[in-house]
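Here is the structure we will look at, set down as structure tokens.
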Amino acid sequence: MENIPTSETRVRFAPSPTGPLHIGGVRTALYNYLFARHTGGKMILRIEDTDKNRFVPGAEEYITASLEWAGIRFDEGIHAGGPFAPYRQSDRKEIYRHYAEELLARGQAYYAFDAPEELEQKRKEAEQEKRVFTYDASVRVHLKNSLALPEDEVQQLLKSGSPFVIRFKIPENETLVFQDIIRGEISVHTATLDDKVLFKSDGMPTYHLANVVDDHLMEITHVIRGEEWLPSLPLHVLLYSGFGWEMPLFAHLPLILKPEGTGKLSKRDGDRLGFPVFPIEWKDPFTGEISSGYREAGYFSEAMVNMLALLGWNPGTEQEIFSMDELFREFSLERVGKSGSRFDPAKARWFNHHYLVNCPTGELTQRFGKILAEKGIRRNPDYIERVVELVRERSDFVNDFWTQSHFFFETPSAWDLDTVRKKWKEETPGLLRAFRDVILEMGEFRAENIKAEAEAFARQQGAGLGQLMSPLRLCLVGATFGPDLALICEMLGREEVMARIDKALVYIAANTV
Ligand code: GLU
């Protein structure tokens, strides 16, 4: 059972600005958000930027813009502020040193003065002997640290300003047993853990120290994060007990897997199979390389959110379409599975299709109007709206509207000759010419009328309706797709229909000798 404390739940999304946020990261933020709203708790955004070497300019802005677009809102955080501000770790630097010292005082941590080159040397020696060097209980007494060196020498090194790091002292020979809401009981032997650095020689904490200290200070009740952090959990558990603090509950979310079902979904899979793995477009500030985003690819943020909600969480019913409000009501960590969820690009499009079909026509008209304006095409909104109504069912994205409907806005410049060669009969051009005359004479140029006239004309010619309509479609559209032909005629108008028949016949005659 999920153990929800009676006090308010507090969860956080704690990204590091080391690059664009992968959709797996958006899902982590989303599950935190859904859990917060479901339990009536608080959602916090904390930026974990203590690793200067991995800092990427623009990444923090990218992360907040992505979350904003996804509709994930924060009650406290870098922009929202709150009682535990500041929420950016680089603005909290002074705090961590104090806690590192507290662990030193409690005998849970120690100073290590080993130079990086010395450790590198040890690593190489071990490699030659086919061993792996780990800074742990088996070797720490032989290295240059405050556990091995005499006290006065340690004081001397500190006084002389020798560079040092502070390492956590992993207890020897213990079996740790702890719980994860999703994975159940986990047990780890301390012999498998190394004495991780908590505080670096540059005066900055490492992720582990800053993360645990902040989760404690910010009174986080549930740590919901990706499975890739599971290996860090034993250390975090030891840190909490080292400080004598109460632990939050932990929930490690399963990976999002490649469409093939093996291994973690990566940017390369997206490039290979042609779908975005980032919420919004990202331009790498160092290489200038652009990675596509869901937003720019034409996804509705609601569709991306709906898809991500179901990539790991199972509502326990057949329902697949969820609004954010429904997710707030239904979401629970108990229904998040242990095993990874396979990402399915076709399903992502399916979700978008659903939201497209259900989107208010006015909004689609506005979006499509913008695409048309970029092409230099301006038509009255009523006309665009009618086109939208005709093509939305056949489209997954607003961006598809153009492919489905360009002939409503411009005369084709080429006609599909393959179809002509395969389907046209000798009498087809004559039939079209005769029908062109019918069009000229016809009364009101409306779909119903056009249909009735076409039927009467075909009957009178002793031809099937298809023998007239398929070639006519080719003349008007340039190809064999599109919505109801009588409607296409009505929308294009009498003059344009006649002009297209003429142009098509000239083009076809000239290109099919
Ligand atoms: N800063 C870590 C990250 O980039 C946060 C991990 C956690 O949630 O504890 O994902």
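Rule-based calculations on the coordinates, nothing more; no lab input. From a predicted model like this one, the values you see are computed outputs, not experimental measurements. Heads up, the Cβs are rebuilt from the backbone with ideal geometry, glycines too, and the neighbour counts pull from every protein chain shown.
For the reader, a short list of remarks on this structure follows.
- Each Lys and Arg Cβ is given +1 and each Asp and Glu Cβ -1; about its Cα centre, the chain then shows a dipole of about 940 debye.
- One way to sum up the overall shape of segment 1-160 is the equivalent ellipsoid from its Cα gyration tensor, whose semi-axes run 39, 20, 17 Å, largest first.
- Across segment 244-344, the mean sequence separation of Cα contacts (distance under 8 Å, 6 or more residues apart), normalised by length, yields a relative contact order of 33 percent.
- Signed unit charges on C-beta, dipole axis of the chain, positive-most listed residue ILE488, LEU176, ALA454: ALA454
- Using every pair of separate Cα atoms, the Kirkwood estimate puts the hydrodynamic radius of segment 230-304 at 15.6 angstrom.
- For segment 378-469, the mean projected area of the C-alpha convex hull, equal to one quarter of the hull surface, is 8.0 nm².
- Segment 439-498, relative contact order [Cα under 8 Å, separation at least 6], %: 46 percent
- Taking other C-beta atoms within 10 Å as the exposure proxy, TRP282, TRP350 rank TRP350, TRP282 from fewest upward.
- Normalised Debye scattering of segment 72-186 at q = 0.13 Å⁻¹ gives log10 I(q)/I(0) of -0.79, counting only Cα atoms as equal scatterers and leaving out solvent.
- Using the Cβ of ARG12 as centre and a radius below 12 Å, the other residues enclosed give a net charge of -2, where K and R count +1 and D and E count -1.
- Each of ILE439, ALA70, VAL132 was scored by the projection of its Cα onto the charge dipole of the chain, and the greatest displacement toward the positive side belongs to ILE439; charges sit on the C-beta of Lys, Arg, Asp and Glu.
- In this structure the amide hydrogen of GLY41, modeled in the peptide plane, comes within under 5 Å of the amide hydrogens of THR9, none closer than 5 places in sequence on its chain.
- C-alpha long axis of helix 447-461 to longest principal axis of the chain, angle in °: 50 degrees
- Shape summary: segment 1-82 maps onto an equivalent ellipsoid whose semi-axes, from the alpha-carbon gyration tensor, are 24, 13, 12 Å in decreasing order.
- Principal-axis tilt of helix 233-243 within the chain, Cα atoms, nearest 10 degrees: 40 degrees
- Between helix 494-511 and the chain there is an angle of about 90 degrees, using the helix long axis and the longest principal axis of the Cα atoms.
- Percent of Cα pairs exceeding the 19 Å cut-off, where the set is segment 308-379: 53 percent
- Size of segment 136-261: Rg and Dmax of its alpha carbons, in Å, are 17.2, 60.
- Normalised by 2.2 N^0.38 Å, where N counts its residues, the alpha-carbon radius of gyration of segment 447-513 equals 1.11.
- Across all directions, the average projected area of the convex hull around the alpha carbons of segment 245-381 is 12.8 nm².
- ALA109 long-range amide H proximity, modeled H, under 5 Å: LEU104, LYS169
- Kirkwood Rh and Cα Rg combined as Rg over Rh, evaluated for segment 267-326: 1.08
- In units of the rule-of-thumb radius 2.2 N^0.38 Å, the chain shows an alpha carbon radius of gyration of 1.38.
- P(r) histogram, all alpha-carbon pairs of segment 381-425 included - 10 Å bins from 0, percent: 24, 38, 29, 9
- Here the contact order of segment 272-393, divided by its residue count and restricted to Cα pairs under 8 Å and six or more residues apart, works out to 19 percent.
- Beyond 25 Å in Cα-Cα separation lie the following of the pairs LYS425/LYS503; LYS124/LYS144; LYS375/LYS422; LYS425/LYS451; LYS93/LYS159: LYS375/LYS422.
- Under 20 Å from the Cα of LYS264 - lysines, other chains or at least 8 residues apart: LYS338, LYS347
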